[in-house]
1. So how do 98, 18, 85 rank on accessible area, 1.4 Å probe, biggest first, that is with the largest at the start?
2. Heavy atoms of the protein only, probe of 1.4 Å, neighbouring chains included. What is the accessible area of residue 64 in Å², nearest 10?
3. State the answer as a single residue: which of 2, 74, 93 lies farthest towards the positive end of the charge dipole of the chain, with beta carbon charges of +1 for Lys and Arg and -1 for Asp and Glu, about the Cα centre.
4. Under 15 Å Cα to Cα from residue 43, which aspartates and glutamates show up? Leave out anything in the same chain fewer than 8 places away.
5. Residue 104 accessible area, nearest 10 Å², 1.4 Å probe?
6. Can you say what percent of the DSSP beta bridges in the chain, counting only those with both residues inside, are antiparallel? Round to 5.
7. As a test question: what accessible area, to the nearest 10 Å², does residue 93 have when a 1.4 Å probe is rolled over all protein chains in place?
8. Residue 84: which aspartates and glutamates have alpha carbons under 20 Å from its alpha carbon, excluding same-chain residues fewer than 8 sequence positions away?
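The values are calculated or read from the model by the stated rules, or taken from the named source; none is laboratory data. Quick caveat: nothing in here was measured; it's all calculated off a predicted structure. Glycine also receives a Cβ, built like all others from the backbone with ideal geometry; neighbour counts cover every protein chain displayed. Accessible surface areas use protein heavy atoms only, side chains included; no ligands, DNA or RNA. Shrake-Rupley method; radii C 1.70, N 1.55, O 1.52, S 1.80 Å.
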Amino acid sequence: QVQLVESGGGLVQAGGSLRLSCAASGRVFTINRMRWYRQGPGKQRDFVAQITRDDFTNYANFVKDRFTISWDSTNNTIYLQMNKLKPEDTAVYYCNVLALSQYWGQGTQVTVSS
């Protein structure tokens, strides 16, 4: 199994930045894809970004050129650097990994004020 613990959420003004972290533990060697999702108030959970073990990345159109996903294999942590934040980025952000099964973190709240 894989355990995921997110951190780094908070309150930020529009135009600001935050970096989310997701620390993975357990059978991390089985992970091959790492993703971030988000769920805004009253909305469905949406894909945000993905990185593979080969460092291939892809992003949802609404975060391109603003967010960057990365993976530090030395400490088994997935990051989401979020710049130029907008009020519509307000959501609970979830870390997700695909290993032998799919695993989710508990979520971290990001609130962007206008």
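1. My answer, sorted largest first, is 98, 18, 85.
2. Spelled out: residue 64, probe radius 1.4 Å, area about 100 Å².
3. 93
4. 88, 89
5. Roughly 100 Å² of residue 104 is accessible to a 1.4 Å probe.
6. Of those bridges, close to 90 percent are antiparallel.
7. Rounded to the nearest 10, that gives 0 Å².
8. Cross-link targets: 46, 65.
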